[in-house]
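Below you'll find the structure, written out as structure tokens, and then a few comments.
Rule-based calculations on the coordinates, nothing more; no lab input. Everything numeric here is computed off the predicted structure, so don't read it as measured data. FYI the Cβ positions are ideal-geometry reconstructions off the backbone, even for glycines, and counts take in every protein chain you see.
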Amino acid sequence: MSIHVLFPTLVYRARLQRGNWQDFNNRLQRECLQLRADDAAGRRWSKHSYPGGYTSYASLSRLYQISPSFEALRLKLNRHVHTYVRQLEWQMEGRSLAMTDCWLNIMPRGVAHSLHLHPLAAVSGTYYVSTPPGSAGLKLEDPRLDRFMAAPPRKPDCAVANRPWVTLPAEAGGVLLFESWLRHEVPSNLARQPRISVSFNYGWF
């Protein structure tokens, strides 16, 4: 007999950089908090579209174009994205893959981000700036879930690859990448201090 593993969903996790990452991360965290204080339009939008939290998604969605710190983050992320794309075995000859969006998320205790995907992008991801104890991870949904129909439930201790949902922990200094069609959410944040992350999209041209 033989079992073939077909149509895998590849998710990438790594540290942003080797060695001392804290200095860069601390600089980024200070700027994140200052951005929230300065971004009145983002705070207004978040009040009704991101209840209890703050996101610059609708106001400052290309932070790498206005901040040297976020431009430095983009350059660091580029290396990870190219490594991920090699694992996906995409045919990129004659094509370029570039960051198209980059925005800030600050989630105090009790804030959640409902299930969604990122249309019009190829690779999406998150860089975790601050993840106090109890910070919510990223919950990923099996893309075949709506096709399971009459399939029996999975065993509680089944292999991670066979689970309908998998939550990957949020760790400061860490990068997480996935294909943009993969639905995901952030459950309610249980940390006493805010969870801070930077989300981004890459598109090909």
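Residues in the stretch 35-46 carry Karplus couplings, in order, of 4, 4, 5, 7, 8, 5, 5, x, 5, 5, 5, 5 Hz; the curve used is 6.51 cos²θ - 1.76 cosθ + 1.60 with θ = phi - 60°, and Gly or Pro positions show x.
Excluding same-chain neighbours fewer than eight residues apart, no lysines are reachable from Lys47 by a Cα-Cα span under 20 Å.
Backbone phi angles across the stretch 71-86, fed through the Karplus curve with coefficients 6.51, -1.76 and 1.60 (θ = phi - 60°), yield HN-Hα couplings of 5, 5, 4, 4, 5, 5, 5, 3, 4, 5, 5, 5, 5, 4, 4, 5 Hz in residue order; Gly and Pro are listed as x. Among Tyr84, Tyr64, the order by Cβ neighbours within 10 angstrom, fewest to most, reads Tyr64, Tyr84.
Helical content of the chain, expressed as a calculated mean residue ellipticity at 222 nm, amounts to -8000 deg cm²/dmol (DSSP H runs of 4 or more residues, -39,500 (n - 2.57) each, divided by residue number, nearest 500). Beyond 22 Å, what percent of the Cα pairs of the chain remain? That tail contains 51 percent of the Cα-Cα pairs. The residues packed around Gln34, meaning those with a beta-carbon under 15 Å from its beta-carbon, carry a net charge of +1 if Lys and Arg are +1 and Asp and Glu are -1.
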